[in-house]
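Some notes on the structure that comes next.
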Amino acid sequence: MGFQDDAIEYSDETLSLLATNLKDNDVLYIFKQVFRFRSHGGFKKAYLPDWNTRRRRYDNAFTILEATKFIEKMEDGSSTPYFPTVRGKQLVVHLINEKELPKSDFDKITDKELEEIKKGGHENAG
């Protein structure tokens, strides 16, 4: 990240405009998952239980969220976890305060939830 773009936040107008991408339920779902997994090694596509049937839609959601700089991937060998950026954290505040989404939608995932997801996720996604 050459220009310290990790610390750049969007203006309110830009944030509102880019947040319209989350009107797509798949984009919103993926963003929530990435945010919830932020303290557990990131969110991996392998955790999606319906990856095989919805792969194209989910890949599109990841692309939108990466292009708008709300999430970033950290390649780690054969695994590719996704994490929220500073702008992603800014988006959460916007979604809770402006769009009135429940704060609980963005709570960190518990260890028990993580184990359940790992059991039921798609094994070969990544």
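The values are calculated or read from the model by the stated rules, or taken from the named source; none is laboratory data. If you're wondering where the values come from, they're calculated on a predicted model, not measured in any experiment. Please note: Cβ atoms are built from the backbone with ideal geometry, for glycine as well, and neighbour counts cover all protein chains shown.
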Among the residues of segment 13-26, is there at least one that is closer than 27 Å to Lys112 by Cβ and within 12 Å of the chain's Cα centre (by Cα)?
-> yes
Set Thr85, Thr80, Thr68: member being crowded, with 19+ Cβ neighbours inside 10 Å and in contact with a strand residue (DSSP E or B) (Cβ under 8 Å, 6 or more places away or on another chain) | Thr85
Evaluate the following for Arg54: is it within 9 Å of the chain's Cα centre (by Cα) and either of a type in the set (D, E, K, R) or over 24 Å from Asp6 (Cα atoms) (or both)?
-> no
Looking only at segment 75-96, decide whether some residue is part of a loop (DSSP other than H, G, I, E, B), at pLDDT 95 or above, out of contact with any Leu (no Cβ under 7 Å at 6 or more places or on another chain) and more than 20 Å from Ile117 (Cα to Cα).
-> yes
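Can you tell me which residue within segment 13-27, out of those that are without any contact (Cβ under 8 Å) to a residue 24 or more places away in the chain and among the charged types (D, E, K, R), is nearest to Leu95 (Cα to Cα)? Give the steps one after another, and end with the answer.
Keep residues of segment 13-27 that are without any contact (Cβ under 8 Å) to a residue 24 or more places away in the chain, which gives 13-14, 17, 20, 23, 25.
Next cut, among the charged types (D, E, K, R) only: 13, 23.
Values: Glu13: 14, Lys23: 11 Å.
If we take residues in segment 13-27 being without any contact (Cβ under 8 Å) to a residue 24 or more places away in the chain and among the charged types (D, E, K, R), then Lys23 is nearest to Leu95 (Cα to Cα).
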List, please: which pairs have Cβ atoms under 8 Å, are six or more places apart or on different chains, and start with a residue in segment 28-56 that is modelled with pLDDT of 90 or more and buried (at least 21 other Cβ atoms within 10 Å of the Cβ) and end with one that is part of a helix (DSSP H, G or I) and small (Gly, Ala, Ser)?
-> Ile30/Ala61; Phe31/Ala61; Phe31/Gly88; Val34/Gly88; Phe35/Gly88
Give just the number: which of (1) under 15 Å from Leu15 (Cα atoms); (2) within 11 Å of the chain's Cα centre (by Cα) does Phe106 not satisfy?
-> (1)
Every residue from segment 97-107 that is touching a residue at least 12 places away in the same chain (Cβ under 8 Å) and either of a type in the set (A, V, I, L, M, F, W, C) or farther than 12 Å from Lys32 by Cβ (or both) | Glu98, Lys99, Phe106
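Residues in segment 17-38: is at least one charged (D, E, K, R) and touching a strand residue (DSSP E or B) at 6+ places or on another chain (Cβ under 6 Å)?
At the first step, the residues of segment 17-38 found to be charged (D, E, K, R) are 23-24, 26, 32, 36, 38.
Of the ones still in play, those that are also touching a strand residue (DSSP E or B) at 6+ places or on another chain (Cβ under 6 Å) are 38.
Yes, that holds for at least one residue.
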